[in-house]
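Following: one structure in structure tokens, then a few remarks.
FYI, it's all coordinate maths here, none of it is from the lab. Keep in mind it's a predicted model, so treat the numbers as computed, not measured. Ideal geometry is used to build each Cβ from the backbone, glycine not excepted, and the neighbour counts take in all protein chains shown.
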């Protein structure tokens, strides 16, 4: 054991601080345990995970255009802690905490102070409350893998092969969660290979590059092989290769891009503002200057990942928070040291705590605007309770344009392998690779016991699906309940039994 490690372990205040980090993250993310729905994608991953444990595999049993990594992580959490929404949100808390520890490790590897690393961890956790980050979405789940791989790449004192293997496996697992990790994966290898590029050691560099590439694609090839053994390679290929390519080809107009980028920038205002002192006050300090350069390169790679799909949905910007947190922590550390000298650590703690409090207040304001009954059952839970009282074994329900989590909350069997509304009745139906109008007609012909209809999302459906639903409801269903939400009413329709 090195003397430096012994000194760190002998510091009780630092040990206490590390032990407090999970509690601080959980305290910041307490509101994630209240609603049944935070993000549409998370709802689908939850449903995929539950069905997977019942034998219905993702893609072939429950279709999606994302890799199977996110539902796999949630399924593993279900096995450990039970099938509940609280388990899913606990997974998110765990991943944010792990990302915080990885940021601390990264900062220490570079040689920066512990307080700077802890500030980066807290800034990341606080800003993960925004942009849909309270959900256990892909960007939250793969963040600790990417940050840990980057820390390994920076650990230049260690032997290269163990570091390379660790980097490759971590990035490979992240790619199984979402392919947008690729730009950050390239940056990670570039940092690892920089010393070999400078010294022009081409032969070992080529060996490392080949091994890294194999390690990165290895988990994806393993998943493809498993689906091939199941006779479902075509489904895997269409879902995780062709569908994302088609998705990325349908980019939104530039005006919408600028609008969504502006909204994300406003949400991340503190992190962006604190990059300025990082750029202005770190040039005399070698370590801080190195962190600023690293943060800038990392932010550029994250920006490529955000822009790649072409739609700039809010949760995409979660990819940019770890590098921004690193830059902001560097800027805050440099600023507080410049202003307060040796008392800078205390000022840094006050600064970071104030920003975290502001982020929590930003998240809390819209929740309080709906009243203090934040823990009461929301619409999906109330609706599921009504259905569960009447559902019989084998009954199905149909949720054509509302949250897929309703399927998870009920005891009903799935009526289709396309439970995500935008893939079945919405604007992305062309990604599914099937005749979705025929699939909607088949579902309605099977006469589900209940149909859940979101009037606020009614005109987001295709006209053909709207027509079929209107005809089916008029001919064989009665309105059982209606729930008022901010965007409109959500209706529960019950099948009329023949007398």
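Relative contact order, whole percent, for the range 456-499 stands at 34, derived from Cα pairs under 8 Å and 6 or more residues apart. Of the options (i) 22.9, 77; (ii) 25.0, 94; (iii) 24.4, 85, only one is Rg and Dmax of the Cα atoms in Å as computed from these coordinates, and that is (iii).
For the chain, averaging the sequence separation of C-alpha pairs within contact (under 8 Å, six or more residues apart) and dividing by the residue count gives a relative contact order of 16 percent.
Multiplying the residue separation of residue 368 and residue 217 by 0.36 nm and subtracting their alpha-carbon distance yields 49.8 nm.
Just to be sure I understand: of the beta bridges DSSP finds with both ends in the chain, what percent are antiparallel, rounded to 5? Show your work: numbers first, answer last.
Values: 13 of 17 bridges.
Here the antiparallel bridges make up roughly 75 percent for the chain.
With respect to the chain, whose longest principal axis is taken over its alpha-carbon atoms, helix 12-28 is tilted by about 20°.
Quote the FRET efficiency, to the nearest 0.05, computed for residue 81 versus residue 257 with a Förster distance R0 of 41 Å and r equal to the Cβ-Cβ distance. Taking R0 as 41 Å, the efficiency between residue 81 and residue 257 is 0.60.
Straightening the chain between residue 311 and residue 289 buys 4.6 nm, computed as 0.36 nm per residue apart minus the Cα-Cα spacing. Between residue 209 and residue 280, the FRET efficiency from the beta-carbon distance, with R0 = 35 Å, is close to 0.45.
Put in order of Cβ neighbour count within 10 Å, fewest first, the listed residues 227, 124 become 227, 124.
Suppose R0 equals 22 Å; then what is the FRET efficiency for residue 473 and residue 438 from their Cβ-Cβ distance, rounded to the nearest 0.05? Before the final figure, lay out the partial values.
Working: r = 19 Å, r/R0 = 0.88.
In this case the efficiency is close to 0.70.
Each residue in 383, 297, 461 was given a count of other beta-carbon atoms within 10 angstrom of its own, and listing them fewest first yields 297, 461, 383.
Apply the a/c threshold of 1.5 to the C-alpha gyration tensor of the range 395-499 and tell me whether it is rounded, prolate or oblate. The shape class here is rounded.
Taking Cα atoms only, the orientation of helix 160-177 departs from the longest principal axis of the chain by about 20 degrees. Modelled spin-label separation between residue 157 and residue 228, with each label point placed 7 Å from Cα along the Cα-to-Cβ direction: 4.4 nm. Tilt of helix 436-445 relative to the longest C-alpha principal axis of the chain, in degrees (0 to 90, nearest 10)? Helix 436-445 sits at roughly 50 degrees to that axis.
When the Cα gyration tensor is reduced to axis lengths a ≥ b ≥ c, the ratio a/c is 1.5 or higher for the range 239-356, and with a/b above b/c it is classed as prolate.
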